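The values are calculated or read from the model by the stated rules, or taken from the named source; none is laboratory data. This is a predicted model, so every value here is computed, not measured. Using ideal geometry, Cβ is built from the backbone for each residue, glycine included, and neighbour counts are taken over all protein chains shown.
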Amino acid sequence: MLYLLGFLLLAVFCLSVLIRAFLLFPLRALRHGWAPALRRYGLSLLLCAAVLLWELGALYGFSWQQLGRADRGQMVDAAVAFAYPEAYADLDELRNDYAHFRPEVSYWDSWDYQDSVEVADKLLGRTEYQIRLPDLVVVADIHGQPLYHFPLDEEQQVMPDRPVLGLVGDIQDLREAAPVHETLGLRWSNPQYGEAEIHDNCFSAFSPLSREQHLELTSSGAEPLRMGRPLGYYRVQVQLGQWDGRPSNSASRQRISRAEFLRERQACRARAAASVSARRE
């Protein structure tokens, strides 16, 4: 209720300003001259001019914070660091894996099929940039600061120069009644082109020919959990859970560097070896 009342008061104020600036001001100017009209309605005229200037800036992509359009090079570097915080620091590092990739920055276009950007959107405050990266799009504010990102459809993604897929991570069991002595399964769709290993609650997998590969993790009663594109090295968090009383598994991933993948894979193996040694003792 208070929100609606505030909106109505704002609408009445805006309407009164428009009437004073575009109707009463010219009428008084015609009858009494410009000077008296400016003294009486100058503030309303100034408010309208400020709003008009602000909206023109919104259409142009003008950042009042930077007194100009945001630098696109800096915007791309910030987007890369935001999207891949543990893999790449900027565009130069990204090109180690995507040598020929050219990022795209757009103020008007959208890579979301279910979305479009119209003039009215900009006038109403949707002043965002979209920065296209190899497998996702980063949305940034008018100052070039990243806000969030969303994935591209598979056919829109750009493959890395080396089409490998490396996955390493932990398995978290959230089921209320997990089967006793359950053995989880982990295999590539084409086992001859990859290696996969699972140790208690951690796993790692690598495939050098991953364009048509996907990794499958199986557990009791649940559909196989498939992990494939986008390619690269990822830290994965797998959750074994339930949905409406039925087993249901899910996974989230974060892009990491090759060096970090190798380090975490070795750490997983070391934890497994230590666990086996402890059980023997």
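Worth a mention:
- Filtered by the rule that a residue be surrounded by fewer than 17 Cβ atoms within 10 Å (Cβ to Cβ), more than 20 Å from residue 258 (Cβ to Cβ) and under 17 Å from the mean Cα position of the chain (by Cα), the range 70-106 gives 104, 106.
- Residue under evaluation residue 76, criteria (1) in contact with a helix residue (DSSP H, G or I) (Cβ under 9 Å, 6 or more places away or on another chain); (2) at pLDDT below 85, criterion not met: (2)
- Those residues of the range 225-249 which are more than 19 Å from the chain's Cα centre (by Cα) and over 21 Å from residue 209 (Cα atoms), in sequence order: 238, 239, 240, 241, 242, 243, 244, 245, 246, 247, 248, 249
- Test for residue 230: is it touching an Asp or Glu at 6+ places or on another chain (Cβ under 7 Å) and on the phi < 0 side of the Ramachandran plot: yes
- Cross-chain or 6+ apart pairs with Cβ under 6 Å, the range 57-80 first and of a type in the set (Asp, Glu), then surrounded by 13 or more Cβ atoms within 10 Å (Cβ to Cβ): 77/90; 77/91
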